[in-house]
Amino acid sequence: MFYVLSPDVGLRYFTDIGYCYIRKHAGRTRPRGLTEEEYELLSTVCDGRHLITEDQERILHKFEFDNVITAYDDILPVLQYKWQNIKTNNRYVSEMEVSITQRCNYNCMYCFTTADAAPLTDSFTLDEFDDLVGQALDCGFNSFAFTGGEPMVHKNFREMIQAVYSRGMTVSEIMTNGSLITDEFIDWLKNMYYLPRFCISFDGINGKHDMIRQTHSENIVLDNIRKLLKKGFKVKVTYNLSKFNLDELRETTKILEEMGVDEFRIARTMPAPKWHSFAPGTEIDHEEWIKIGLEYCDWYMKENIQMDLDFWNLAAIIPGDRTLGLSNIRGCHCNRDTDKDQPLCPLTVERICVMGNGGMTPCQQVSGILKYEGIDLGNVKETPLSELLVNSEFSKVIYSTVESRKDHLEECKNCKYWEWCLGGCPIICWNWRHDKGDKFPYYLDETKCAFFKNGYYEKFKEIADNNNYILHGGDLYATIG
């Protein structure tokens with residue numbers, strides 16, 4: 001008998017989790033652990049050339065049931081390509097989000113990638129990007145997400161997509177304003193395996209989208225969303241919510257639901273430098289954000305909306321499962337004996353973000369603040385990616401632990417909600433408190449404080465019960481009483 005490793009399986013070694021395998025798909029992966037012996041057998045004899053011994057079959061047989069390998073009676077030589085077997089010197093990573101250009105055909109008032117109103121021009125050349133993709137492969141990455149600026153204005157956008165696929169990786173997302181999508185581009189992209197999801201920004205009907213983005217594209221974007229859905233692409237729409245477009249939120253929701261959009265994400269417009277200069281006072285404050293989210297989630301469930309909902313950093317609704325999840329409650333999913341080793345944000349250690357100038361950032365939402373404050377965390381155009389992931393200012397930030405944050409914040413040290421909050425979202429903290437004199441990157445997430453201290457757990461539990469939804473987020477009072 002002969003075994004062949006499935007083409008969508010990649011064998012990996014990462015310094016923090018050891019030997020494992022991942023599945024190829026568009027997005028972040030969840031590695032499955034392997035022993036060293038299993039890893040060596042999967043990587044050496046599962047090539048369709050080696051006749052499997054009885055001892056080897058006893059070890060490998062279980063992987064047939066998980067479709068990691070396929071058995072054949074006859075020799076079937078298969079050449080494993082590089083993506084399928086990589087040992088790294090870095091911790092586990094899954095995805096890279098790259099702003100391939102910070103140029104844009106819009107001039108959005110809330111743009112968080114700029115420190116002021118000046119237009120941005122930083123971009124990757126095709127050669128620079130191709131080199132970055134090669135380095136990412138060596139570091140064990142599985143997929144790329146494209147963002148900007150507006151990625152579709154880059155003259156080499158298609159070649160960059162091909163550079164990812166040609167190395168066995170996938171494109172998970174294309175984050176775009178949606179105005180430049182054409183039928184011809186959609187048909188071209190349909191030829192790729194593992195189609196990316198389109199994440200399209202749309203900020204409200206009745207002219208609000210055009211006013212915020214200083215353009216005339218409301219109908220164009222809605223028409224392009226329809227085209228993508230018709231051609232079988234998954235579409236996630238992001239609504240950047242502020243006081244300016246709050247009144248249009250529910251009507252816009254119903255229109256997107258009727259169109260068949262897969263997921264609706266409501267993002268919180270942050271007091272980034274550019275927005276603060278254009279529209280001071282129109283961002284939604286901490287407890288106000290929670291109140292709006294509570295009322296909207298209740299309405300969403302009552303209206304039987306079927307899109308998945310991500311009310312950013314507050315709640316998530318999955319109508320198909322009838323579940324309401326609470327993003328604020330993080331610690332309930334953790335082993336409290338190892339909380340001190342958890343990173344400030346679990347997403348930033350799996351999805352690495354790179355700005356258009358090559359600079360590293362923990363999250364694209366603070367890229368403008370990094371420039372505004374002159375903070376340099378390292379640059380992929382100047383330093384090898386493998387070094388930046390292991391020993392750099394960037395790695396120090398993303399691998400900072402929740403315990404180290406607790407040590408810097410007096411408010412958190414004796415808080416009874418700490419094990420459930422774990423300090424909250426660093427990005428919210430950074431946007432709201434970067435000018436308050438707090439120590440970088442240890443800022444206080446005042447939204448989380450308001451959520452726990454003012455009884456919003458009970459209120460979300462009540463609306464879940466009233467709408468026959470299951471509340472995911474743990475039993476808070478089983479722990480703290």
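Computed values, structure above
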quantity: Largest to smallest accessible area among Arg265, Arg213 [probe 1.4 Å]; calculated: Arg265, Arg213
quantity: Net +/- balance of residues flanking Asp127 in space, Cβ distance below 12 Å, scoring K and R +1, D and E -1; calculated: -3
quantity: Share of carbon and sulfur in the accessible heavy-atom surface of the chain [1.4 Å probe, %]; calculated: 48 percent
quantity: Mean residue ellipticity (222 nm) of the chain, computed from DSSP H runs ≥ 4 via -39,500 (n - 2.57), nearest 500; calculated: -9000 deg cm²/dmol
quantity: Solvent-accessible ranking of Glu64, Glu303, largest area first, probe 1.4 Å; calculated: Glu303, Glu64
quantity: Nearest-10 value in Å² for the accessible area of Arg32, using the 1.4 Å probe; calculated: 140 Å²
quantity: Net charge of Cβ neighbours under 12 Å - reference Gly378; Lys, Arg +1; Asp, Glu -1; calculated: -2
quantity: Å² of accessible area per residue within the chain, as computed with a 1.4 Å probe and no ligands counted; calculated: 42 Å²
quantity: With DNA, RNA and ligands ignored, accessible area of Cys449 (1.4 Å probe; Å², nearest 10); calculated: 40 Å²
quantity: Correct choice for Cα Rg over 2.2 N^0.38 Å that was computed from the model, options (i) 1.22; (ii) 1.10; (iii) 1.01; calculated: (iii)
quantity: Ranking by accessible area, most exposed first, for Trp420, Trp188 with a 1.4 Å probe; calculated: Trp188, Trp420
quantity: Region 157-188-region 357-381 distance, computed between alpha-carbon centres (Å); calculated: 24 Å
quantity: Amide H within-cut-off set for Arg91, under 5 Å, with H built and near neighbours excluded; calculated: Thr15
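The values are calculated or read from the model by the stated rules, or taken from the named source; none is laboratory data. For clarity, every value in this text was computed on a predicted model and none was experimentally measured. Note that we place each Cβ from the backbone using ideal geometry, even for glycine, and neighbour counts take in every protein chain shown. Just the protein is used for accessible areas: all its heavy atoms, side chains included, with ligands, DNA and RNA removed. Shrake-Rupley method; radii C 1.70, N 1.55, O 1.52, S 1.80 Å.
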